[in-house]
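The block underneath contains the structure these notes are about, expressed in structure tokens.
A short reminder: the numbers here are calculations on the coordinates, not readings from a lab. Just so it is clear, the model here is predicted, and its values are computed rather than measured. Here Cβ is always computed from backbone atoms with ideal geometry, including for glycine, and neighbour counts include all displayed protein chains.
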């Protein structure tokens, strides 16, 4: 009975660790996608302002 119980506990623990790792990976993926979007957004702003600096004086 003791060994069976330990086996069940191990199984539950492994399942819990597995689910925890998946949740952690999902959280990390969400974080990275947000960071990527932010980076892309900042890069877009950066290129637009540098374009305005380059061509702003030409236009006026």
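Summary of computed values
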| quantity | calculated |
| --- | --- |
| GNM top mover of 23, 37, 14 - the chain, alpha-carbon springs below 10 Å | 14 |
| D_trans [Stokes-Einstein, Kirkwood Rh over alpha-carbon pairs] for the chain, 37 °C, 0.692 mPa s, µm² s⁻¹ | 207 |
| Where labels lie 7 Å past Cα in the beta-carbon direction, separation of residue 51 and residue 14 in nm | 5.5 |
| C-alpha center-to-center spacing [segment 3-20, segment 25-46] in angstrom | 35 |
| Principal-axis tilt of helix 2-59 within the chain, Cα atoms, nearest 10 degrees | 0 |
